[in-house]
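What follows is one structure encoded as C-alpha cells, with my remarks underneath.
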Amino acid sequence: METRKIYLSGGSTYVVSLPKRWVERHRLSQGDSLIVSEENDAIVFSPSFKSKPPTTKTIKCSKIASPQLFEKTLIAYYLAGYDTIALEMDVDDPTYFRKVAWAVAQRLIGVEIIEDTLSKLSIEVLLDPERIPITKTLRKLSNVCHSMMRDTVKVFENADTKLASDMQTRENEVDRLYFLAIRQLKEAASSSQLAKKLDIQNTGDAIEYRVVVQNIERISDHMGRISKNVLSILEVAERGATLKEFVDVSSSILSLYERALQPIISREYSVPPEVFEMENSINEMLLHRLGHMMNAKDIPANEALMRRGILSSLDRIKSYTIGIAESVINLQATAGDMDT
C-alpha cells in the first residue's frame, strides 16, 4: 500500500499522481482517459477497457523439473489467462510431453493444438472468456453437479451400476467448467471493467464466486468417490445387496444443495432460513447411520470400510454445500442487503 499527497493546481483543481508501476502495467500513456467511480468512501480509478493483446507463454520441456509437474504447469498457464502456450520439444524423447499436452487440451474448454512438429507444439486458447458471462458458466457447472447428486440418490435406491459408472463422464465435465470459471474469475479480479463485462458487479465478488465454484468442484469429486465405492461394494457383496440406507441422507443433501445454490443462480443473495436447520438434521442422520454401521456384525470388513467411505463423502458434500450458503451471506453483506 502506498500513500500519495494531494496537490492544488491552479487554485481550483486537486491533483494526485499515479504510481508508475500501475501505469506501466496497464499500458497507459499521457492523454489516456481513466474511469473514476465512487465505492463507499473510496474513489476508484480504472483504465478505460481495452481488449488485452494476445499473450504467449513459451515452455522449454528440458526445463521442466519433473514430468509429473508438466500437466499442472499447462493448466496453471491456462488459468493465468495466456492465449498461447508454446512448447519447445528440446528433449531426446518428447513422447511423454506430447501425450500429456494432447490430453490436457481435451480437458480444457476452448483449447486446440494448432501446431505439432518434431520440435514444437503450440496450444491455442480460441475461446474468449470475456464473451461468456460467469453466471452462464456457473449455471451449467451447478446443473451438471446437481444431475450427479440426483442420480446418486437413484443409484442408492436401485443399486444401479450403469448409472454409477456414468458419474466419471460428468465429473470430467465439471472439471472442464471449473477450469473455465477459474480463468474467468482470475481475469475479473484483475480489472473492475472486465468484471462488469463478465457480469460481476465488483472485483470483490469474484473472490466469493471462486469459493462457490471450488466447492461445487469438490462436491463433484466426492460424488465420483461415492460412485467408485458403490461399484466396489456391488462387485464384492452378495447378490441382492442394498444401498437404501443412504437414500434419506443423500436426498436431504440434494435438497440442501438446491436451496444453497438458488440465490447464486438467481442473483438474489438471500439464504433460505431453513438451510442451517437442515444442516443440523443431516448431521443427526449421518451420526445415526454411522452408529448403526459400527454395530453391524454381518457386513465384511472391506465392505464396511467402503460404506463408511460413502458416509464420509456425504458428510463432506454437506459441508461444501454449507460453504456455498456462507458465500451467499458474504455476497449479501457486500451488497448491503442484510437485515439489521
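The values are calculated or read from the model by the stated rules, or taken from the named source; none is laboratory data. Bear in mind the structure is a predicted one, so any value in this text is a computation, not a measurement. No Cβ is skipped: glycine too gets one built from the backbone with ideal geometry, and neighbour counts run over all protein chains shown.
Can we say residue 245 is of a type in the set (D, E, K, R) and surrounded by fewer than 17 Cβ atoms within 10 Å (Cβ to Cβ)?
Judged against the criteria, residue 245 is a match.
Looking at (1) within 30 Å of residue 23 (Cα to Cα); (2) surrounded by fewer than 16 Cβ atoms within 10 Å (Cβ to Cβ); (3) more than 13 Å from the chain's Cα centre (by Cα), find the lone condition where residue 205 falls short.
Status for residue 205: all satisfied but (2).
What's the total number of residues in the range 30-54 that are modelled with pLDDT of 75 or more and either in a loop (DSSP other than H, G, I, E, B) or farther than 17 Å from residue 18 by Cβ (or both)?
Number of matching residues: 3.
Out of the range 170-182, which residues are basic (Lys, Arg) and either under 15 Å from residue 105 (Cα atoms) or modelled with pLDDT of 95 or more (or both)?
176
From 76, 65, 86, which residue is of a type in the set (A, V, I, L, M) and part of a helix (DSSP H, G or I)?
Answer to the check: 76.
Report, by residue number, each residue of the range 267-304 that is free of Cβ contacts under 8 Å to residues at least 12 places away in the same chain and in a helix (DSSP H, G or I).
Passing the criteria: 277, 280, 284, 287, 288, 291, 294, 295, 301, 304.
Table: residues versus (1) in contact with a strand residue (DSSP E or B) (Cβ under 8 Å, 6 or more places away or on another chain); (2) crowded, with 16+ Cβ neighbours inside 10 Å; (3) at pLDDT 95 or above.
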position: 254; (1), (2), (3): no, yes, yes
position: 269; (1), (2), (3): no, yes, no
position: 292; (1), (2), (3): no, no, no
position: 300; (1), (2), (3): no, no, no
position: 303; (1), (2), (3): no, yes, no
position: 313; (1), (2), (3): no, yes, yes
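Can you tell me how many residues within the range 183-220 are modelled with pLDDT of 95 or more and either among the aromatic types (Phe, Trp, Tyr) or in contact with a Lys or Arg (Cβ under 9 Å, 6 or more places away or on another chain) (or both)?
Qualifying residue count for the region: 3.
Restricted to the range 76-101, and to residues that are out of contact with any strand residue (DSSP E or B) (no Cβ under 9 Å at 6 or more places or on another chain) and surrounded by 16 or more Cβ atoms within 10 Å (Cβ to Cβ), which residue is farthest from residue 114 (Cα to Cα)?
Among them, the one singled out is 79.
Please go through (1) touching a residue at least 40 places away in the same chain (Cβ under 8 Å); (2) under 21 Å from the mean Cα position of the chain (by Cα) for residue 156 and return the number of the only condition it doesn't satisfy.
With respect to (1) touching a residue at least 40 places away in the same chain (Cβ under 8 Å); (2) under 21 Å from the mean Cα position of the chain (by Cα), residue 156 is out only on (2).
I'm told residue 101 meets every condition in (1) among the small types (Gly, Ala, Ser); (2) farther than 18 Å from residue 82 by Cα; (3) not assigned by TED's automatic domain parsing to the domain that holds residue 269 except one. Can you identify the failing condition by its number?
It is condition (2) that residue 101 fails.
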